[in-house]
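Each remark here refers to the structure printed beneath this line.
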């Protein structure tokens, strides 16, 4: 029976770790055995230890790359399954809302999606300028619209915002 892809990557991880440990011990053994020897041989032994250490670093780098590739494939698989599931078109998932923006959206949702701007200011407890800046940001994100109604503006929630 052939091992699955996940089992192969685990086996590769184990082999790379074993190779790294063996090379580390080989480098240490080379360094220890070169101590009582003449300088020319010490240079050669140090060079060998350096090469072995580079192999160790390369093995660890390969291990990291393999793990990253595995993680990316896992995330791509999640994205494909998420995209194939049906989502309602009126729901918009927004993950970049500030606390103030979230507060405004919550108040609008509680009131059925529409409020006068002055009423919204009182309900949220924000200053006029803070509310105005926040509403402008939400308009740029296409989550709300503001329309003139006499001397006040009516704020309307355009999309339901998933939490």
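The values are calculated or read from the model by the stated rules, or taken from the named source; none is laboratory data. All of these numbers come straight from a predicted model, not from anything done at the bench. With ideal geometry, Cβ positions are generated from the backbone for all residues, glycine too; neighbour counts draw on all protein chains shown.
A few comments on the model shown:
- Any chance residue 71 is modelled with pLDDT of 90 or more and in a helix (DSSP H, G or I): no
- If the condition is being over 15 Å from residue 107 (Cα atoms) and either outside any strand (DSSP E or B) or in contact with a helix residue (DSSP H, G or I) (Cβ under 7 Å, 6 or more places away or on another chain) (or both), then the range 147-156 contributes 150, 151, 152, 153.
- Residue in the range 79-99 that is modelled with pLDDT under 90, assigned by TED's automatic domain parsing to the domain that holds residue 154, touching a helix residue (DSSP H, G or I) at 6+ places or on another chain (Cβ under 7 Å) and in a helix (DSSP H, G or I) present: no
- If you go through the range 138-151 and keep only what is closer than 19 Å to residue 119 by Cα and surrounded by 12 or more Cβ atoms within 10 Å (Cβ to Cβ), you end up with 138, 139, 143, 144, 145, 146.
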